[in-house]
1. Here's a check for you: in the range 76-95, which residue that is of a type in the set (A, V, I, L, M, F, W, C) and surrounded by fewer than 17 Cβ atoms within 10 Å (Cβ to Cβ) is farthest from V111 (Cα to Cα)?
2. Of these, L134, L160, L120, L143, which one is surrounded by 13 or more Cβ atoms within 10 Å (Cβ to Cβ) and in contact with a helix residue (DSSP H, G or I) (Cβ under 7 Å, 6 or more places away or on another chain)?
3. On the basis of being farther than 24 Å from W69 by Cα, out of contact with any Ser or Thr (no Cβ under 6 Å at 6 or more places or on another chain) and assigned to a loop (DSSP other than H, G, I, E, B), does T165 make the cut?
4. Quick test for you: out of T86, T14, pick the one residue that is assigned by TED's automatic domain parsing to the domain that holds C151, modelled with pLDDT of 95 or more and among the hydroxyl-bearing types (S, T, Y).
5. Can you tell me which residue within the range 1-56, out of those that are acidic (D, E) and not in a loop (DSSP other than H, G, I, E, B), is farthest from G157 (Cα to Cα)?
Amino acid sequence: MDHHRYNYCPNCATPLRMLSQAEDGGPKSRLRCPACAWTHWNNPTPVLAAIIEMADREGQVLLARNAAWTGRMFALITGFMEAGETPEDGIAREVFEETGLRVEAPRLVGVYDFQRMNQLIIAYHVLARGEIALSPELAEYKLFRPEDLKCWRAGTGYALADWLTARGVTPQWIELPN
């Protein structure tokens, strides 16, 4: 849960408390300020994810490994939406920032729950062209034929499975370590 990020009211600096209050759906406990009634809503954060199909490399899919991750897990390119941009503009920006690739034809794959991180994942399939130039956030990338991809049982892995299924490819699953 995200509520540990706030200890004091950002409005008046009073220590926050978990308080119950009547809301549209009935009483709800949230971090609230007892002095000015400021509420920490703790709403999920929208995160964009891209299934990057390389238009100029026989339709292979690019997965990358985050430099901060231990192990050899490769995953979709993801990033936060910025204020004032559409999800389609955001996914094009994120893919370019992370890989140097230009995208075309972003198509929504689906919206996925990622409660462990209090996020809502908005997944797109994009066609990409150009030379791959990874940002410092990413340690390495691999290109996979769609039929060789392995899906994982978390938000972006379910998006990849749905995309593969829509293409007539039966998803293969791997188990992630806890």
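The values are calculated or read from the model by the stated rules, or taken from the named source; none is laboratory data. Every value quoted in this text rests on a predicted model; they were computed, and no experiment measured them. Ideal geometry is used to build each Cβ from the backbone, glycine not excepted, and the neighbour counts take in all protein chains shown.
1. Just the residues of the range 76-95 that are of a type in the set (A, V, I, L, M, F, W, C), to begin with: 76-77, 80-81, 83, 91-92, 95.
Right, trim to surrounded by fewer than 17 Cβ atoms within 10 Å (Cβ to Cβ) and you get 80, 83.
Working: F80: 14, A83: 19 Å.
Restricting to residues being of a type in the set (A, V, I, L, M, F, W, C) and surrounded by fewer than 17 Cβ atoms within 10 Å (Cβ to Cβ), the top hit is A83.
2. It is L134.
3. Criteria not met by T165.
4. Numbers: T14 fails: assigned by TED's automatic domain parsing to the domain that holds C151.
Testing whether each residue is assigned by TED's automatic domain parsing to the domain that holds C151, modelled with pLDDT of 95 or more and among the hydroxyl-bearing types (S, T, Y) leaves just T86.
5. Going residue by residue through the range 1-56, those that are acidic (D, E) are 2, 23-24, 53, 56.
From what is left, the residues that are not in a loop (DSSP other than H, G, I, E, B) are 2, 23, 53.
Values: D2: 23, E23: 35, E53: 16 Å.
Result: E23.
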